[in-house]
1. Return the residue satisfying two criteria in turn: it lies in segment 43-74 and is of a type in the set (Asp, Glu) and within 22 Å of Trp130 (Cβ to Cβ), and of such residues it is surrounded by the most Cβ atoms within 10 Å (Cβ to Cβ).
2. How many residues are under 11 Å from Tyr44 (Cβ atoms) and part of a helix (DSSP H, G or I) when one looks only at segment 73-101?
3. Taking Ala77 and the conditions (1) farther than 19 Å from Glu35 by Cβ; (2) open to solvent by less than 80 Å² (accessible area, probe 1.4 Å); (3) touching a residue at least 12 places away in the same chain (Cβ under 8 Å), which numbered condition does it fall short on, given that it satisfies the others?
4. Quick one: in segment 147-157, which of the residues that are surrounded by 12 or more Cβ atoms within 10 Å (Cβ to Cβ) and not in a helix (DSSP H, G or I) is modelled with the lowest pLDDT?
5. Given the conditions (1) of a type in the set (Lys, Arg); (2) buried (at least 18 other Cβ atoms within 10 Å of the Cβ); (3) within 15 Å of the chain's Cα centre (by Cα), and given that Arg133 satisfies all but one, which numbered condition is not satisfied?
6. Just need a number here: residues in segment 8-42 that are modelled with pLDDT under 75, among the hydrophobic types (A, V, I, L, M, F, W, C), open to solvent by less than 100 Å² (accessible area, probe 1.4 Å) and more than 20 Å from Arg150 (Cα to Cα).
7. Can you confirm whether Glu128 is farther than 17 Å from Tyr41 by Cα, of a type outside the set (Phe, Trp, Tyr) and either open to solvent by 30 Å² or more (accessible area, probe 1.4 Å) or in contact with a Gly (Cβ under 8 Å, 6 or more places away or on another chain) (or both)?
8. Take Glu114 and tell me if it is within 17 Å of Tyr59 (Cα to Cα), charged (D, E, K, R), part of a helix (DSSP H, G or I) and modelled with pLDDT under 95.
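The values are calculated or read from the model by the stated rules, or taken from the named source; none is laboratory data. These numbers were taken from a predicted model, which means no experiment stands behind them. Positions of Cβ are generated from backbone atoms using ideal geometry, with glycine treated the same way; all protein chains shown enter the neighbour counts. Keep in mind that these areas ignore ligands, DNA and RNA; they rest on the heavy atoms of the full protein, side chains included. Shrake-Rupley method; radii C 1.70, N 1.55, O 1.52, S 1.80 Å.
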Amino acid sequence: MTIAAVLLGALTSFGANYLMERSRNRYQLQTRWDEAKLSAYESYVDRMRACIFLAVQLYESREGLRPRDKPEAELLAEVAEAGRLRGRAFERIMLLGGDDVVEAAHELNAVAAEVDWHATGRTAGTLEEWRARNRAVFASINAFHEAARRDLGVQGGVRGERHPERDLLLPPARGEQRDAPA
């Protein structure tokens with residue numbers, strides 16, 4: 001009887017330790033993947049914003065909205081290189097992201113391509129169309145953020161009643177007059 005009790009105790013202890021170790025390993029693996037995902041998501045958004053910033057520089061330079069600091073060929077090369085790096089960051093999203101995150105990234109890439117094409121002159125458009133494309137790309141970045149937050153299990157959101165939609169901070173178009181404060 002004593003031997004049976006000792007054996008039962010040993011088996012119970014072994015089983016409990018096995019289950020705890022397995023749970024700990026699963027948690028560590030999940031944490032490691034969450035860290036890799038967070039890094040991939042952050043890098044992708046960073047690359048996306050760098051592309052947009054360079055596209056804005058190119059567009060404003062081409063349209064005479066800002067003094068030209070660099071030759072257009074150099075700006076075009078920078079936009080192309082930033083696009084290449086953005087593509088590499090997108091590949092990490094494809095490897096690590098959940099379905100909703102991958103879909104949000106695909107949508108973001110499509111809208112960002114429109115900004116790139118407008119900036120490089122492959123697509124024509126007015127200043128209002130340019131601004132609409134930029135609004136759309138930042139709305140898509142916010143949608144990507146939402147999908148990434150859900151994928152990572154982050155509580156809350158960045159949209160809704162507590163976080164209303166915000167517009168781009170833009171100077172007025174040339175020729176528009178702002179009302180002077182009274």
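1. Filtering first and then ranking leaves Glu60.
2. Taking segment 73-101 first, the residues under 11 Å from Tyr44 (Cβ atoms) are 85-94, 96-97, 101.
Adding the requirement that they be part of a helix (DSSP H, G or I) leaves 85-94, 96, 101.
Number of matching residues: 12.
3. Going through (1) farther than 19 Å from Glu35 by Cβ; (2) open to solvent by less than 80 Å² (accessible area, probe 1.4 Å); (3) touching a residue at least 12 places away in the same chain (Cβ under 8 Å) one by one, Ala77 breaks only (3).
4. Gly157
5. Evaluating Arg133 over (1) of a type in the set (Lys, Arg); (2) buried (at least 18 other Cβ atoms within 10 Å of the Cβ); (3) within 15 Å of the chain's Cα centre (by Cα) leaves (3) as the failure.
6. Matching residues across segment 8-42 total 1.
7. Yes.
8. When the stated conditions are applied, Glu114 does not pass them.
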